[in-house]
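Below: the structure, in structure tokens.
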């Protein structure tokens, strides 16, 4: 089985695809929806379409174009969506549904505290619409899955928790019957990994015309049912080249704040918080050159460096891409001094890789659920740092510290190599 994953941001592409790497698939994440020779022997390809900040119309068109460009015969489609329903996921799913059949929608990721009950997402038991993350970007908007699908033009039904009491073949038959009746989207209540595992079993047995829509939770259960024994040369070791570790944090979530605190306390990592006003103005700001010199001094002296985007009264969540792009430009002249990169937030990761001209990643390992370790796919590349990506609101308080240990090659108990 070959898998095509289409995600709307880079950290999401990686945290969804890492389950397939863990199952022995040669797994590649690409920033460009274009087939290249380097992709030919990949079992699983995850494409970052970078559509989270676009309009619904632009996002759905780019998603459909990526599917047309990257899909091949015999390949299964997995549309990766954010487990807290950020972005244009409903519009993108609606566009794909017309091309790929019924959408089986299961955003639950129990390992990270995301569950679905009665068609609504819960985060560590709290309704999604009451979380700080939702309030920051979507205050006043309904978080109900079916309502969002309806607005995108899709008719949906729900598969409730009782369905998982059936054996896999019976569940598969139920799913096929819904597809045959013309159900466009099937919303899955899932509150445990066992429920997602049952869904994976049933859908892999099903002959219905469908595609999966979910987070990394369902993806890893599907991957576990298609394990490979192969080991690729680039994955025989998780040893990284050494040198200073650069940690870029674009997320302002409370989760990221706690992770940064543990990294400072246990790792003694130097931290600098870049004022948003500097990033908004870019190279024209009078302090731009001063910041670049400070970054150069730290990295050239071999010191690990934690760079964070600050927050001020003028902050707007919609400017995240602009600030991340500017942060990457600030770092770019000295990026080759880094032996490793840890990037929190998909926009931050993509911006840094783009300026470094890294378009493809080979996924290697997982620090913890949803925190992926990779290196550039191009083995001939002169600068080939270890790279860790994670969504801003993902991970335990220890996630950044564990990622830092991984890239320092000090992690026998902290990383699960794939």
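The values are calculated or read from the model by the stated rules, or taken from the named source; none is laboratory data. Predicted, not measured: the structure shown is a model, and the values here were computed from it. Backbone-built Cβ (ideal geometry, glycine too); neighbour counts: all protein chains shown.
Overview of values
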| read-out | value |
| --- | --- |
| Candidate set: region 359-374, residues that are in contact (Cβ under 8 Å) with a residue 60 or more places away in the chain and surrounded by fewer than 24 Cβ atoms within 10 Å (Cβ to Cβ); chosen: the one farthest from residue 19 (Cα to Cα) | 359 |
| Test result for residue 143, closer than 26 Å to residue 64 by Cβ, outside any helix (DSSP H, G or I) and in contact with a strand residue (DSSP E or B) (Cβ under 9 Å, 6 or more places away or on another chain) | yes |
| Qualifying residues in region 114-142 (those that are surrounded by fewer than 22 Cβ atoms within 10 Å (Cβ to Cβ) and under 28 Å from residue 182 (Cβ atoms)) - the one modelled with the lowest pLDDT | 142 |
| Lone qualifier among 147, 156, 192, 206 - being assigned by TED's automatic domain parsing to the domain that holds residue 23, surrounded by fewer than 17 Cβ atoms within 10 Å (Cβ to Cβ) and in contact with a helix residue (DSSP H, G or I) (Cβ under 6 Å, 6 or more places away or on another chain) | 192 |
| Failed item, numbered, when residue 85 is tested on (1) farther than 24 Å from residue 394 by Cβ; (2) under 25 Å from the mean Cα position of the chain (by Cα); (3) buried (at least 19 other Cβ atoms within 10 Å of the Cβ) | (1) |
| Every residue from region 257-269 that is surrounded by fewer than 19 Cβ atoms within 10 Å (Cβ to Cβ) and under 22 Å from residue 312 (Cβ atoms) | 257, 258, 261, 264 |
| Filter result (over 24 Å from residue 10 (Cα atoms), within 27 Å of the chain's Cα centre (by Cα) and assigned to a loop (DSSP other than H, G, I, E, B)) within region 250-274 | 269 |
| Qualifying position, being at pLDDT 95 or above, crowded, with 17+ Cβ neighbours inside 10 Å, outside any strand (DSSP E or B) and under 28 Å from the mean Cα position of the chain (by Cα), among 247, 295 | 295 |
| Some residue of region 90-113 being over 23 Å from residue 47 (Cβ atoms), surrounded by fewer than 20 Cβ atoms within 10 Å (Cβ to Cβ) and out of contact with any helix residue (DSSP H, G or I) (no Cβ under 9 Å at 6 or more places or on another chain) | yes |
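Rundown of residues vs (1) free of Cβ contacts under 8 Å to residues at least 60 places away in the same chain; (2) over 20 Å from residue 121 (Cβ atoms), yes/no style:
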position	(1), (2)
201	yes, yes
209	no, yes
239	no, yes
255	no, no
264	yes, yes
272	yes, yes
278	yes, yes
281	yes, yes
